1. When you look at Ile56, is it of a type in the set (Val, Ile, Thr), buried (at least 17 other Cβ atoms within 10 Å of the Cβ) and in contact (Cβ under 8 Å) with a residue 60 or more places away in the chain, yes or no?
2. For residues that are out of contact with any Gly (no Cβ under 7 Å at 6 or more places or on another chain) and either among the charged types (D, E, K, R) or closer than 18 Å to Ile7 by Cα (or both), tally how many sit in the stretch 64-111.
3. Here's a check for you: in the stretch 1-23, which residue that is outside any strand (DSSP E or B) and modelled with pLDDT under 95 is nearest to Leu102 (Cα to Cα)?
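The values are calculated or read from the model by the stated rules, or taken from the named source; none is laboratory data. Predicted model, so just to flag it, every value in this text is computed and none were measured. Cβ placement follows ideal geometry from the backbone for every residue including glycine, while neighbour counts extend to all protein chains displayed.
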Amino acid sequence: MEHRPDILYYLTPVLAEEVEIVGYPEVVLYASSSAVDTGFFARLVDNDPKGPAIEICYGIVWARRRNSLEVEELIEPGTVYEFRIKLGPTACRFLKGHRIRLEITSSDFPNHDRNHNTTRGGTIW
């Protein structure tokens, strides 16, 4: 999916040694939107130079649910907010020679319902 212009990619240099992670990764994202609501997805990926990139874990946050699942808080377009995206639990060893990639996008359809970036539509959780 590296060809898609709607996905931000952050990539480490080639790992000089193995890196292990265990636990519940969390991405702290500072972002704004031109809409009153949107979704943000973060995906942690093992980028193997000799094979396919493997998704390790991912997480999602709807802007209107960034502080609470019980209370909706729309965002002000153009204002920067802090979004905490909790990724799924993982235990992973990134091998020497691999790279760690973080992908940020605002959609993951058809894996998750569309967020229409309005006050209507999109799954609320």
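1. On the way: of a type in the set (Val, Ile, Thr): yes; buried (at least 17 other Cβ atoms within 10 Å of the Cβ): yes; in contact (Cβ under 8 Å) with a residue 60 or more places away in the chain: no.
Criteria not met by Ile56.
2. 23
3. Quick first cut of the stretch 1-23, residues outside any strand (DSSP E or B) only: 1-7, 12-18.
The next check asks that each one be modelled with pLDDT under 95; those that pass are 1-7.
Details: Met1: 13, Glu2: 12, His3: 15, Arg4: 14, Pro5: 15, Asp6: 14, Ile7: 10 Å.
By that ranking, first place goes to Ile7.
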